[in-house]
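Okay, structure first, notes after.
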Amino acid sequence: MTRIVVASKQKMSLLQDTQAGSVVLEQPSIIQIGIAKENISSMVRSGNSLQITLKNGEKIVLENFFTENGSPHSLAFPDKSGKFLVAEFDEAGKLIKYNPVDHLSQLGSSINSTGLTETQQTAVVTEGVDDGGIAWSSVLKTGLAVLGAEAVYLVAFDKDDDKDKDNTNVDLTPPAAPVAALDTDGKVISGTAEVGSTVYVKDLQGNILGQAVADSAGKYEIKLDKAVTDGAKVIVTAKDQAGNESKQTVVTGTKDTVSPDKAQAQASDSGSIVTGKAEVGAKIYVYGPDGKTVIGGPVTVASDGKFSVTVTPALKAGEKGSVVVEDTAGNRSEAAEVEVGKDTLPPDQPKVTVSEKGDLIKGIAETGAKVKVMDAAGKVIGEATADNQGNFTVTLNPPLTDKAKGTVVVEDAAGNQSKPLEVVAGKDNIAPDAPVAVLNDEGTIITGKAEPGSKIEVRSSADGTLLGYAEVKDDGTYTLTLSKALTDNTLAKVYASDKSGNQSSATEIKGTKDTIPPGKVEEVRAYDDTDSTKLNIGNNGKTKDSTPVFEGKGEAGATVYIYQDGKPVASVKVDENGKWTYTTDELAPGSYSYTFRQVDKSGLNGQESDPFKFTVESTVKTAALESHDSAVSSDQTADTVNDQSLAKLLNAPVPVMDSFSIAEAQNPLNPETLQIQQLFKDTASGSDAGTIDLSTVLPENAIAASQGQSAQTQAEPVTVNIRTDLNELLNQHIPLV
């Protein structure tokens, strides 16, 4: 990772020395990145951040690099000439050029005629200068040239080596960042650090708030004169005995000591209900006319900031009650007065736009309310009344010039006043309308419309990550390329912010491109539906149904391809509920293996399912046959035989000359013309075993010849006697023709 050094412009003190991919800037700073500009692929503004992409693919983000008026920071890169190249950006955040400087100290805030701050100038005089005119101790303490030209950096340490060549164990390794925790009151910071190191607590401006030395166990404790509360941040670092300073640990004060705003409250005409608005999650208490007795609550304010409280006993006409808000930290607001039959709800702050000259204010307020504008001294310099649409225009005299601030107050017919709204020339607090945003099919480009001159930001709905940034043209259109495509139903929010920083409500967009293949077909089941009731056929099960039904689950709209013994046999659609069914073609008795694969609407193939195996059993019944010597009794009826062998046997032409004789004639028939499947009749039909009507299996001329008759005079059926019973016949290895 690339090394980054950040120093305070005002104090010329080291703020950060890091190799992190993201750096948060909290005060005007000099940022030096230890890489030549030739190795930079791009530098792009994204919101208030600067995104730097190196040619090796590494990305560096400088958070808060830009403000509304440009950038208060200086970004420098070392040059092989020994100088530094400072990047210059225009108002839109586009890189214009690189400006060379000899010393990064020239970029400090309070520069005198020598190009150095007074502190640095002193350092030069008292600590000596190298051949290039750089105060090495000052440079190394501030960290401004730690990454400078590498050759210069090495020279500094070469000189130290020349002074003391016997000192080969110089400690140049900074200690690890200290572990730091703040107590619940925000007054004590404790934790662990390198043994013997000095731990410092500083505010964001670099002022030391407290320090302590880590003991032999590495533990330390620092008591602060002023508590760190209400989201305030402090920085904790450790410096070892060699003077090496660790990276920063940021600690945030979580204790809430700020009282909530007083409620906006109103009593009903009956005096039995108080409604209003207050801090979300806070508790509401209603006190009676004496100001001490609780007659309503506590109730919790809903997520929309509204509340309703039942009052017991109800307030009477002319009686006044008071409403107090208590937040989750126990802080209490000022009391808000309510009175039966009187409007006590203050109007909302107005939405206004101030002209560049500061002589005109337009806006929106409560219908019929008076709008007053006061200067910094509280003198009224303009007023108007909102029309029936809430619109108003106020001409200011004198105007708000030279960035002088004024305040706008709205007063309703009952005399309730809104919170004062601070205004300045050229500013407004009216948020633009939510932008129109259309995402292309690939999920990479957004086009749309928004307020001309406003800025568009696209952020992930999941974590708020910035995905893209653009400016709206004068015709109100914009085009934006996302840093990461939105696909697979991923959501993002699109905002428009005007020149005054007012942000619109969000327009949500969804990436519809499907890039995720469907999974395996799930919950496959097979059923025997020959009867009115479905019978489940388990995997590796058996069934007598030759057309079983498959059911399963898949991705809605996908196509399920069905394979029988590895060969595709059919495809079915998955319905909108994610279900599908398939009925097989007629299956001969035997064993089968089915697999399934789904392909979604985008043509993405899922994995093939595990095989579903089952066996179809034969339903053929065998009859008892009469032997050539004696009839086969009913108790000799053969069992059902193997379905595959029986099917082959009953369909095969075989030599049968020795298997039967014709009672009415002695002439043998051609043995190749008789099908075995016609020889047997089911005893359940009532026919005699071994009896066959040859007219169903023999050509007419063969029947006639066997009886000495012509085909036309054939009248009686021919009866044959089977010489062997069915079991004996089926157990023979009959060659199939």
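Since every read-out is calculated from the coordinates, none of them should be taken as a lab result. Here the structure is a predicted model, which means the values were calculated and not measured. Here the Cβ positions follow ideal geometry from the backbone for every residue, glycine too, while neighbour counts run over all protein chains shown.
Observations on the model:
- Between Glu38 and Thr583, the simple spin-label model (points 7 angstrom out along Cα→Cβ) gives 7.7 nm.
- Using only the C-alpha atoms, the convex hull of the range 179-252 corresponds to 75 Å³ per residue.
- For Ala232, distant residues with modelled amide H under 5 Å away: Gly253
- For the range 450-564, relative contact order (Cα pairs under 8 Å, six or more residues apart, normalised by length) works out to 19 percent.
- Residues whose placed amide H lies under 5 Å from that of Lys187, excluding near-sequence neighbours: Val228
- Protection proxy ranking for 227-233, 346-352, 582-588, 597-603, using the average of other Cβ atoms within 10 Å per residue and placing the highest first: 346-352, 597-603, 227-233, 582-588.
- Approximate spin-label separation Asn397-Lys226, in nm, with each point projected 7 Å along Cα-to-Cβ: 4.6 nm
- The length gained on full extension between Thr515 and Lys484, counted as 0.36 nm times the residue separation minus their Cα-Cα distance, comes to 9.8 nm.
- Sorting 27-35, 466-474 by their mean Cβ neighbour count within 10 Å, with the most densely packed peptide first, gives 27-35, 466-474.
- Couplings 3J(HN,Hα) of the range 593-603, computed from phi: 10, 10, 10, 9, 9, 10, 10, 6, 5, 8, x Hz, in residue order, whole Hz [Karplus 6.51 cos²θ - 1.76 cosθ + 1.60, θ = phi - 60°; x for Gly and Pro].
- Sequence-distant contacts, meaning Cα pairs under 8 Å at least 6 residues apart, place the relative contact order of the range 265-332 at 38 percent.
- Estimated vicinal HN-Hα couplings, Hz - the range 61-77 in sequence order (Karplus 6.51, -1.76, 1.60; Gly, Pro = x): 10, 9, 6, 6, 5, 10, 10, 4, 9, x, 10, x, 9, 10, 10, 10, 10
- Close amide-amide hydrogen proximity is noted between Ser308 and no other residue 5 or more places distant or on a separate chain, at a cut-off under 5 Å (H modeled in the peptide plane; Pro and chain starts excluded).
- Across the range 208-220, computed HN-Hα scalar couplings (Karplus, 6.51 cos²θ - 1.76 cosθ + 1.60, θ = phi - 60°) run 6, 9, x, 8, 7, 9, 5, 6, 5, 9, x, 8, 8 Hz from first to last residue, x flagging Gly and Pro.
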